[in-house]
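Read through the structure below, which is laid out as structure tokens, and then see the notes.
The values are calculated or read from the model by the stated rules, or taken from the named source; none is laboratory data. Remember, predicted model here, so these are calculated numbers, not experimental data. Cβ placement follows ideal geometry from the backbone for every residue including glycine, while neighbour counts extend to all protein chains displayed. When the accessible area is computed, the model is the full protein with side chains, heavy atoms only, and any ligands, DNA or RNA have been set aside. Shrake-Rupley method; radii C 1.70, N 1.55, O 1.52, S 1.80 Å.
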Amino acid sequence: MTSEVIQVHSLINGEKVKGKDQDKRINPTNPDEVVCYYPLNTREETVQAIEAAEEAYKEWKKSSIDERVKRMERAIQKIKDQTPEIAKLLSREHGKALYDAEGEIGVSLMWMEFAMKNVKEMLKEEVREHDNGRTIIKKDPIGVVSAISPWNYPISLSTIKIAPALLTGNTLVLKPSPFAPLAVSKVAEIIASEFPKGVLNLVHGDADVGKELTSNPKVAKIAFTGGTETAKHIMKAAADTIKQMTLELGGNDAAIILNDFDVNDKDAMRRLVIANFLTAGQICMIAKRIYVHESIYDQFVEKYIEAANDWIRVGDPFDENVTVGPVNNKGQVEFVQGLIDDAKERGSEVIKVGTILDEKLFEQGFFMHPTVVLGPDQHDPIVEKEQFGPTVPILKFKDDEHAIKLANDSIYGLTSSVWGKEEHAIDVAGQIEAGTTMINTAAVQGLDVKFPFGGVKQSGIGREYGAEGLEAYTSTHVINVPEQLDLPYIPK
Ligand code: NAD
């Protein structure tokens, strides 16, 4: 892999902007290596991007759906053609294994194609003839959208917003995370090049740029994916101008292992391990707490550790044998290690799982040895907080009711999973407070872009993916043509 240092640009009204101030993104496998420099945009530059989007909206909202679809189709093709190079950029700046980076781009393309193929049907005007005349129901675009994305899945969590926003006639300003600004900028540049200038703008920076994007009166909608604490700031910033909002936030997803789960089912065990350790555990919808029926707990732990040792191979993201790369940044390593140390101090047993393929590299980068944490209490921080790293606590439950109570005992409600005989699992699943519950699989393995995704409780507001993920960028406009024009109870 090249060690070339790349200059990332912002994109304001079709112009590449280097920005006055710059910051650097380092390689998590080798923190001494600079991967790219990216602009730290000022508030003024952010305002310019918003104003460019506002200006472009005047024409773009009138564009035909066929034109939008054609443009998106060309962008999708270009991304497909460039997937191998983009995936390498993503692995290098993020730390995720190359297969994982390619998978992320694959899911992004799947969603973009779904959105493109379904937008025409979704935007169809409905005309209802009824006993008091005629009513036309339209889906109008909303206006300028601020899209703010996190570092863990920078491309998919940006295109999940860009595709529906542009296809439904909105314009957008994207702000990716400073922890993974490179590959997503490449994708945004490709998409923007197929649309009129100002329709898709890109700015870089952190909270300061974020504050402008979420408080500027010209912004009509915020589409945010990130942490729950950040979302609280965003809701406050947006309150003065009552913006539309889609919030996809943190999760602390429970995996419930029922008494009729077959601990000797190696495929299921592997799926569960993947649901805990893919992308080094840095996924909103990863299974972050495992609850096991007490009657099978001991056998489960033994077989789970075997499966984890088998699947987890930690090392260089570009090594084909590697399944788990480094953690994305030092702060995240320290946070996750803090939770593990705290669990140990409270009396939990911490077991290292998987193989470290290259000890020298391991010492150099932001690597963590994956762990399982046995026997913590429900309210220990390792269970209660979203770890977002390569560790998972395993706890016991007595019966289904107890499992449901433990799973629901959280401020979060993003996804969850139930493992066991199908009908039994479906019955338990129906009682869990979550946006999605998967049966005998979990995390991205059970995700389908055709269906809505999002959280309940403090895991978010609204849905992405599916028809709902397109509709979220429209507002319903009713044109009423009543026959009876006067109301009988109002005196003439
Ligand atoms: P984060 O909240 O720290 O940052 C997310 C984005 O918000 C970044 O682009 C950041 O620069 C920006 N930001 C920071 N402060 C801001 C402010 N005051 N105003 C506006 N924007 C601001 O999250 P992160 O660490 O990048 O990502 C990890 C979190 O994201 C986890 O909690 C994870 O569960 C969550 N996440 C949720 C989903 C989902 O679909 N529900 C998906 C992926 C990640």
Subject >> First in the stretch 408-429 and polar (S, T, N, Q), second anywhere and assigned to a loop (DSSP other than H, G, I, E, B) and open to solvent by 40 Å² or more (accessible area, probe 1.4 Å), Cβ under 6 Å, 6 or more apart >> reply: ASN408/GLU433
Subject >> Hits in the stretch 178-199 - residues which are open to solvent by less than 10 Å² (accessible area, probe 1.4 Å) and either within 11 Å of the ligand (Cβ to nearest atom) or not in a helix (DSSP H, G or I) (or both) >> reply: ALA180, PRO181, VAL184, GLY198, VAL199
**OP:** Find the residue count for the stretch 278-300, including only residues that are in a loop (DSSP other than H, G, I, E, B) and either more than 10 Å from the ligand (Cβ to nearest atom) or touching a strand residue (DSSP E or B) at 6+ places or on another chain (Cβ under 8 Å) (or both).
**Re:** 6
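Looking only at residues that are closer than 17 Å to ILE142 by Cβ and more than 10 Å from the ligand (Cβ to nearest atom) in the stretch 226-245, which one is nearest to the chain's Cα centre (by Cα)? Spell out how you get there, then give the answer.
Within the stretch 226-245, the subset closer than 17 Å to ILE142 by Cβ is 234, 238, 241-245.
Next, from what is left, pick out any that are more than 10 Å from the ligand (Cβ to nearest atom): 241-245.
Values: THR241: 26, ILE242: 24, LYS243: 21, GLN244: 19, MET245: 15 Å.
Ranking the qualifying residues of the stretch 226-245, first place goes to MET245.
A quick yes/no check of all residues on (1) in contact with a Lys or Arg (Cβ under 7 Å, 6 or more places away or on another chain); (2) free of Cβ contacts under 8 Å to residues at least 24 places away in the same chain; (3) within 30 Å of GLY315 (Cα to Cα):
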| site | (1), (2), (3) |
| --- | --- |
| MET72 | no, no, no |
| ILE86 | yes, no, yes |
| LEU89 | yes, no, yes |
| GLU104 | no, no, yes |
| LEU109 | yes, no, yes |
| ASN118 | no, no, no |
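Name every residue in the stretch 57-109 that is hydrophobic (A, V, I, L, M, F, W, C) and either over 24 Å from GLU121 (Cβ atoms) or under 17 Å from the mean Cα position of the chain (by Cα) (or both), in order of residue number.
Listed by number, the residues that qualify are ILE86, ALA87, LEU89, LEU90, ALA97, LEU98, ALA101, ILE105, VAL107, LEU109.
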**OP:** Return the residue satisfying two criteria in turn: it lies in the stretch 420-472 and is in contact with a Ser or Thr (Cβ under 8 Å, 6 or more places away or on another chain), part of a helix (DSSP H, G or I) and open to solvent by 40 Å² or more (accessible area, probe 1.4 Å), and of such residues it is nearest to the ligand (Cβ to nearest atom).
**Re:** GLN458
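Run down ALA254, ALA223, ALA275 and say which single residue is within 16 Å of the ligand (Cβ to nearest atom), under 24 Å from PRO370 (Cα atoms), hydrophobic (A, V, I, L, M, F, W, C) and not in a helix (DSSP H, G or I).
Among ALA254, ALA223, ALA275, only ALA254 is within 16 Å of the ligand (Cβ to nearest atom), under 24 Å from PRO370 (Cα atoms), hydrophobic (A, V, I, L, M, F, W, C) and not in a helix (DSSP H, G or I).
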**OP:** From the list GLU51, GLU104, pick out the single residue that is surrounded by 18 or more Cβ atoms within 10 Å (Cβ to Cβ), acidic (Asp, Glu) and closer than 25 Å to VAL324 by Cα.
**Re:** GLU104
Original post:
Residues in the stretch 390-405: is at least one open to solvent by less than 30 Å² (accessible area, probe 1.4 Å), touching a residue at least 12 places away in the same chain (Cβ under 8 Å), within 12 Å of the ligand (Cβ to nearest atom) and not aromatic (Phe, Trp, Tyr)?
Top reply: no
**OP:** Examine the stretch 58-72 for a residue that is under 26 Å from ALA180 (Cα atoms) and touching a helix residue (DSSP H, G or I) at 6+ places or on another chain (Cβ under 7 Å), and state whether such a residue exists.
**Re:** yes
Original post:
Is it true that some residue in the stretch 257-265 is closer than 29 Å to ILE155 by Cα and either of a type in the set (S, T, N, Q) or more than 16 Å from the ligand (Cβ to nearest atom) (or both)?
Top reply: no
Subject >> The one condition in (1) in contact (Cβ under 8 Å) with a residue 60 or more places away in the chain; (2) part of a helix (DSSP H, G or I) that PRO154 fails to fulfil >> reply: (2)
Subject >> Test for VAL353: is it farther than 21 Å from LEU249 by Cβ and under 22 Å from the mean Cα position of the chain (by Cα) >> reply: no
Subject >> All positions within the stretch 211-220 that are within 10 Å of the ligand (Cβ to nearest atom) and either modelled with pLDDT under 95 or open to solvent by 10 Å² or more (accessible area, probe 1.4 Å) (or both) >> reply: LYS211, GLU212, SER215
Subject >> Filtered residues of the stretch 473-487 (kept if in contact (Cβ under 8 Å) with a residue 60 or more places away in the chain and either open to solvent by 30 Å² or more (accessible area, probe 1.4 Å) or not hydroxyl-bearing (Ser, Thr, Tyr) (or both)) >> reply: SER475, THR476, HIS477, VAL478, ILE479, ASN480, VAL481, PRO482, GLU483, GLN484
